[in-house]
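Colleague: Have a look at this one.
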Amino acid sequence: MADDEDYLWSSDVEDCDLTDQEDSMEEKVLQGLEDESKEEGHEEGHWSRSSVITKESLLAAQKKDLRNVMELLGLKEQHARTLLIHYRWDAERIFELLDQKGMDRLFSEAGVPTGGVDNKGLSTAANPLTCNVCFETIPADAIFEMNCGHSFCNDCWTEHFIVKINDGQSRRIRCMAPECSAVCDEAIIRDLVSARCPDIADRFDRFLLESYIEDNNKVKWCPSVPHCGNAIRVDGDIYCEVECACGLQFCFSCSSEAHSPCSCSMWERWIEKCRDESETVNWITVNTKPCPKCHKPVEKNGGCNLVSCICGQAFCWLCGGATGREHTWSTIAGHSCGRFEEDQTKKTERAKHDLQRYAHYYSRYKTHTDSLKQESKLTETIQRNISILEEKQSRIIDFSWLTDGLNRLFRSRRVLSYSYPFAFYMFGDELFKDEMTTEERELKQNLFQDQQQQLESNVEKLSMFLEKDFPSFSNDEITSIMRHMKNLSNVVDRLCRQMYQCIENDLLYSLQRVTHCIAPYKPNF
């Protein structure tokens, strides 16, 4: 690890006085950092853009996408919705496939009638007709003909629609005719069902509306509990972290808490590992032996290798074999155990190593998450200090650098916390065992740990700065602290960027079969 002065530019945390020469140097380095960030392409345009969809704006958002398809393909709303639902509300994908497949094939695969897209509605026949479902003779005005040309009586259509809606299949209710894939006219569904069951018709309308979220790869419900009622739309890569209007930050890809630089797969495995009893099983494997009679785990509490289970069975601790009870300093009656079993020894040593490795990464992950919980209490303290400082000043001074520094601390602390589960899987045998040689893994691990250690050191210093009693300082000391804080905040941001670049370019990029996508770093998240 490099010296701290490489990142704090010789600014001691307890020292509030800077010389003019140090001030000038810090300003130059800070300017250099800003210039380099621009060159590296970290502008906001490189991130996926997200927007919040509320209950009130959901209909308008859906209508906008519907209009685009309706205008370009000359479709009615119901057929545009059927097409969009089939292709997961991906209008760009529809236009791409239109050139490849042609309109007739595109429509037929989605269930949009190709012979004519106008509603046919009530049958125009003059005489009564026989329904091919109930085989009753029905007056012509009690029979509906769908766009696909198939006609059945209103009662059979209604029963069919109600069953599908109750089964949760209302977004794509297909015709009852055998081998017909056409999707039924939603206006006819609504009219027939509402005449018998208005509440089910309302549910049908709600399902159609919520399809914009449920069937859309670019839109997801906010996973807040209790649910805030909002959804998030992403334009760009789905592997990103977003924030809802309710304040919840989450991973758009898997809907769990924001967890970069862990991939979704890594985070899922880590949560499961922390929740289940896998490490308890590891401890039992290392420290106990199963009784050969009742198979319960037995822990040895003395020096003698003849142990006894609570069931009364005596057995040899060395090999686990059942024995008689008589033993001397040199022999155990009815038993001889002197052969070395290398496989069992290796298994025990491996279990010990795995347990120690997990404990190492978990303890550091937990330490940073606990620190974040404690530091979240600084929000009220910082706001109170800002109010006091503003009252003491005779002129208006901007103290936003304090809140900016606090937000930078929160963001970098989360990055540090999740970097340990990432390292656990990145440099373990569970995911990338065959992707790297031992030498490559060691080189990458040292590179990452250097990045991690540099970030960790400066995050702790930023935390100490924010815990200072700012109202007790003079104006000159406040000015000096402000410069230190701004510089340190930029350094922490810089190191976070470097860690993500290291992961993307040096760790994951060279792995040929890797499928772990990491959400990009967002400094103001």
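Colleague: Is it the case that S260 is in contact with an Asp or Glu (Cβ under 7 Å, 6 or more places away or on another chain) and either modelled with pLDDT of 95 or more or under 30 Å from L507 (Cα atoms) (or both)?
Modeller: Numbers: in contact with an Asp or Glu (Cβ under 7 Å, 6 or more places away or on another chain): yes; either modelled with pLDDT of 95 or more or under 30 Å from L507 (Cα atoms) (or both): yes.
Yes: the conditions hold for S260.
Colleague: Still on this model: Return the pairs, sorted by first residue and then second, in which the second residue is among the small types (G, A, S), the first residue lies in the range 283-310 and is closer than 19 Å to A351 by Cα, the beta carbons are less than 8 Å apart, and the residues are 6+ apart or on different chains.
Modeller: What qualifies is T285/A351; V286/A351; K289/G320; P290/G320.
Colleague: Is it the case that some residue within the range 393-401 is of a type outside the set (K, R), within 20 Å of N524 (Cβ to Cβ) and assigned to a helix (DSSP H, G or I)?
Modeller: yes
Colleague: Select, from S489, S510, the only residue that is surrounded by fewer than 17 Cβ atoms within 10 Å (Cβ to Cβ) and of a type in the set (G, A, S).
Modeller: Residue meeting the stated conditions: S510.
Colleague: Does L406 meet the test of being farther than 19 Å from M499 by Cβ, part of a helix (DSSP H, G or I), in the same structural domain as I518 (by TED's automatic domain parsing) and of a type outside the set (V, I, T)?
Modeller: For L406, the condition - farther than 19 Å from M499 by Cβ, part of a helix (DSSP H, G or I), in the same structural domain as I518 (by TED's automatic domain parsing) and of a type outside the set (V, I, T) - is met.
Colleague: A further question on this structure: Restricting attention to the range 496-516, report how many residues are assigned to a loop (DSSP other than H, G, I, E, B) and modelled with pLDDT of 90 or more. Talk me through it step by step, then tell me what you get.
Modeller: First, the residues of the range 496-516 that are assigned to a loop (DSSP other than H, G, I, E, B): 509-516.
Subset that is modelled with pLDDT of 90 or more: none.
Going through the range 496-516 one residue at a time, the tally reaches 0.
Colleague: Give the number of residues within the range 356-405 that are of a type in the set (V, I, T) and touching a Pro at 6+ places or on another chain (Cβ under 9 Å).
Modeller: The number of residues fulfilling the criteria is 1.
Colleague: Would you point out the residue of the range 389-426, among those that are of a type in the set (V, I, T) and at pLDDT below 90, that is nearest to the chain's Cα centre (by Cα)? So that I can check it myself, show each step before the final result.
Modeller: Filtering the range 389-426 down to residues of a type in the set (V, I, T) leaves 396-397, 403, 415.
Next, from what is left, pick out any that are at pLDDT below 90: 396-397.
Details: I396: 42, I397: 40 Å.
Per the criteria, the residue is I397.
The values are calculated or read from the model by the stated rules, or taken from the named source; none is laboratory data. Computed from a predicted model, the values in this text were never measured in an experiment. All Cβ positions, glycine included, derive from the backbone under ideal geometry; neighbour counts span all protein chains shown.
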